[in-house]
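> Please read through the structure below; I'll follow up with questions.
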């Protein structure tokens, strides 16, 4: 990876970081907004819980992404010659992947292998059910 390519990745990482920080955390509401306090009942409780779960998950993902960005920026500074190489196989991560995910540490085949088969070992084709 050339110096210019590393600078482009660094700029993309800084922009991603700034955008996430500027957006702030998702608010976790304690209850639904209802104009009449007495109109709340136990049917609304699941909606409140679902909203809290969604906001918490988004905040957790946001924190993880900020950590990935910080780690990528650290690697750019401390290990510039290693940046852009797959941590599993050592091959270069394609520039298009780094343009979309500048914090990527694995190439697509290694990332797929690390995530495993999302469908499990079972049957996956309609013809399997004859």
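> Within the bounds of the range 59-71, is there any residue that is modelled with pLDDT under 90, in a helix (DSSP H, G or I) and either out of contact with any helix residue (DSSP H, G or I) (no Cβ under 7 Å at 6 or more places or on another chain) or surrounded by 12 or more Cβ atoms within 10 Å (Cβ to Cβ) (or both)?
yes
> Is it fair to say residue 32 is touching a helix residue (DSSP H, G or I) at 6+ places or on another chain (Cβ under 6 Å) and modelled with pLDDT of 95 or more?
The answer is no for residue 32.
> When you check residue 81 against the structure, is it at pLDDT 90 or above and assigned to a loop (DSSP other than H, G, I, E, B), yes or no?
yes
> For the range 35-58, name all the residues that are within 26 Å of the chain's Cα centre (by Cα) and either surrounded by 11 or more Cβ atoms within 10 Å (Cβ to Cβ) or at pLDDT below 75 (or both).
Matches in the range 35-58: 47, 48, 51, 52, 53, 54, 55, 56, 57, 58.
The values are calculated or read from the model by the stated rules, or taken from the named source; none is laboratory data. Quick caveat, the model's predicted, so the values are computed rather than measured. Methodologically, a virtual Cβ is constructed for each residue, glycine included, from the backbone with ideal geometry; neighbour enumeration extends over all protein chains shown.
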